[in-house]
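S.K.: The structure under discussion is supplied below as structure tokens; questions concerning it will follow.
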Amino acid sequence: MVKFVTTNPGKIHEAREYLDSPVEQLDFDYPERQAEDLATVAAHGARAAYRHAGEPVIVDDSGLTIDALDGFPGPYSSYVEEKLGIERVWQLAKEESNRSASFRAVVAYCDGGSFEATPEPVDTDRRGDDLGTSERDSATTDQQVAEDEQLPVRLFEGVAPGKIVAPRGDGGFGFDPIFEFDGQTYAEMSTEEKNAISHRGRALAKFADWYAQR
Ligand code: IMP
């Protein structure tokens, strides 16, 4: 059994609908590293989550990229949702003639054991970068940190194209009401419909294939 470590029940709801094997939520708010790429954030999160849980875990780090705004909010999506809110993100995008956007998810798996980890950029030379000194648990020894840096992480990425529209729909969470694919916003879709085309659905599909063959 894999624990999905997240404080977001929306992600769990989608993973349960999607994966055949049982998915249990571990409601732990692991320290999220700020980095330019989601893969680094997800890899760091998976190691921190595994250290907390002591059993196989997945975490998911996602971000919305608005093309005309040079990729904003990208890895800062959660901060922007909290501080600006989706209506103001729509107001920003509304001014642009090109409203194309994409959602990206990176699912990261860590079980403390060794397996063929995802190659560069996050799982070989840069492993050491994934644990910032300021984020270390004060009880964590240098030796523990060195061991953690070696923890293999496997990454699964999913990307979904779409466009930014005025908010519509009551379902889902986060930016769902302003992200449209094929005439429907994510918030207007059932979980099953969203999973079939969403960034998270695509990343979870890759994870499920790999996990089933282990
Ligand atoms: P995180 O992966 O939990 O850090 O999420 C980053 C931000 O993207 C948060 O504001 C989430 O609410 C938002 N987000 C992540 N996945 C989705 C999604 O599937 N739909 C809409 N918003 C999402």
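S.K.: When you look at V59, is it at pLDDT 95 or above and closer than 18 Å to R154 by Cβ, yes or no?
M.R.: Working: at pLDDT 95 or above: yes; closer than 18 Å to R154 by Cβ: yes.
Yes: the conditions hold for V59.
S.K.: Shifting gears a bit: Would you check which residues across the stretch 175-203 are among the aliphatic types (A, V, I, L, M) and part of a loop (DSSP other than H, G, I, E, B) and list them?
M.R.: Our first condition is that a residue be among the aliphatic types (A, V, I, L, M); within the stretch 175-203, this holds for 178, 187, 189, 196-197, 203.
Of everything in the stretch 175-203, just one residue is among the aliphatic types (A, V, I, L, M) and part of a loop (DSSP other than H, G, I, E, B), namely M189.
S.K.: Another one. Hey, among the residues in the stretch 1-24 that are away from the ligand (no atom under 13 Å from the Cβ) and without any contact (Cβ under 8 Å) to a residue 60 or more places away in the chain, which one's nearest to G158 (Cα to Cα)?
M.R.: Restricting to residues being away from the ligand (no atom under 13 Å from the Cβ) and without any contact (Cβ under 8 Å) to a residue 60 or more places away in the chain, the top hit is R16.
S.K.: Additional query: Look at F156 and say whether it is surrounded by 19 or more Cβ atoms within 10 Å (Cβ to Cβ) and within 29 Å of V57 (Cβ to Cβ). Show your work before the answer.
M.R.: Working: surrounded by 19 or more Cβ atoms within 10 Å (Cβ to Cβ): yes; within 29 Å of V57 (Cβ to Cβ): yes.
Yes; evaluated as a whole, the condition is true for this residue.
S.K.: Just checking, does the stretch 104-114 include any residue being of a type outside the set (A, V, I, L, M), touching a helix residue (DSSP H, G or I) at 6+ places or on another chain (Cβ under 9 Å), on the phi > 0 side of the Ramachandran plot and away from the ligand (no atom under 15 Å from the Cβ)?
M.R.: Within the stretch 104-114, the subset of a type outside the set (A, V, I, L, M) is 104, 109-114.
If we keep only those that are touching a helix residue (DSSP H, G or I) at 6+ places or on another chain (Cβ under 9 Å) too, we end up with 104, 109-112.
Keeping just the survivors that are on the phi > 0 side of the Ramachandran plot gives 112.
Checking which are away from the ligand (no atom under 15 Å from the Cβ) leaves us with 112.
Yes: the stretch 104-114 contains one or more residues that are of a type outside the set (A, V, I, L, M), touching a helix residue (DSSP H, G or I) at 6+ places or on another chain (Cβ under 9 Å), on the phi > 0 side of the Ramachandran plot and away from the ligand (no atom under 15 Å from the Cβ).
S.K.: Among the numbered conditions (1) in a loop (DSSP other than H, G, I, E, B); (2) farther than 20 Å from K206 by Cα, tell me where S114 comes up short.
M.R.: (2)
S.K.: Applying the selection to the stretch 170-208, what residues are at positive phi and more than 11 Å from the ligand (Cβ to nearest atom)? So that I can check it myself, show each step before the final result.
M.R.: Of all residues in the stretch 170-208, those at positive phi come to 172, 174, 182-183.
Within the stretch 170-208, D182, G183 qualify.
S.K.: Quick one: is D70 at pLDDT below 95, farther than 21 Å from P177 by Cβ and of a type in the set (D, E)?
M.R.: Values: at pLDDT below 95: no; farther than 21 Å from P177 by Cβ: yes; of a type in the set (D, E): yes.
No: the conditions fail for D70.
S.K.: Here is a further query. Taking the conditions exactly as written (in a helix (DSSP H, G or I), in contact (Cβ under 8 Å) with a residue 60 or more places away in the chain and touching a Leu at 6+ places or on another chain (Cβ under 7 Å)), does A208 satisfy them or not?
M.R.: Numbers: in a helix (DSSP H, G or I): yes; in contact (Cβ under 8 Å) with a residue 60 or more places away in the chain: yes; touching a Leu at 6+ places or on another chain (Cβ under 7 Å): yes.
Yes; evaluated as a whole, the condition is true for this residue.
S.K.: So, one more: Pairs under 6 Å by beta carbon, first residue more than 30 Å from A93 (Cβ to Cβ) in the stretch 52-68, partner within 16 Å of the ligand (Cβ to nearest atom) and of a type outside the set (D, E, K, R), six or more apart or different chains?
M.R.: H52/F28; A53/L26; V57/V5; V57/A49; I58/F4; I58/V107; I58/Y109
S.K.: Continuing with the same structure: Checking R33 against (1) buried (at least 23 other Cβ atoms within 10 Å of the Cβ); (2) over 17 Å from G158 (Cβ atoms), which test does it fail?
M.R.: With (1) buried (at least 23 other Cβ atoms within 10 Å of the Cβ); (2) over 17 Å from G158 (Cβ atoms) applied to R33, the lone miss is (1).
S.K.: Tell me the residue from R16, R99, R51, R104 that is over 17 Å from P167 (Cα atoms), buried (at least 17 other Cβ atoms within 10 Å of the Cβ) and more than 11 Å from the chain's Cα centre (by Cα), please. Steps first, answer last, please.
M.R.: On the way: R16 fails: buried (at least 17 other Cβ atoms within 10 Å of the Cβ); R99 fails: over 17 Å from P167 (Cα atoms); R104 fails: more than 11 Å from the chain's Cα centre (by Cα).
The unique qualifying residue is R51.
S.K.: Going through the stretch 58-73 one residue at a time, which ones are within 13 Å of the ligand (Cβ to nearest atom) and either more than 16 Å from V107 (Cα to Cα) or among the aromatic types (F, W, Y) (or both)?
M.R.: T65, I66, F72, P73, listed by residue number.
S.K.: Restricting to the stretch 29-43, give me the number of residues that are more than 22 Å from F72 (Cβ to Cβ), within 13 Å of the ligand (Cβ to nearest atom) and touching a residue at least 24 places away in the same chain (Cβ under 8 Å).
M.R.: Qualifying residue count for the region: 2.
The values are calculated or read from the model by the stated rules, or taken from the named source; none is laboratory data. If you're wondering where the values come from, they're calculated on a predicted model, not measured in any experiment. Here the Cβ is made from the backbone with ideal geometry for all residues, glycine too, and neighbour counts use every protein chain on show.
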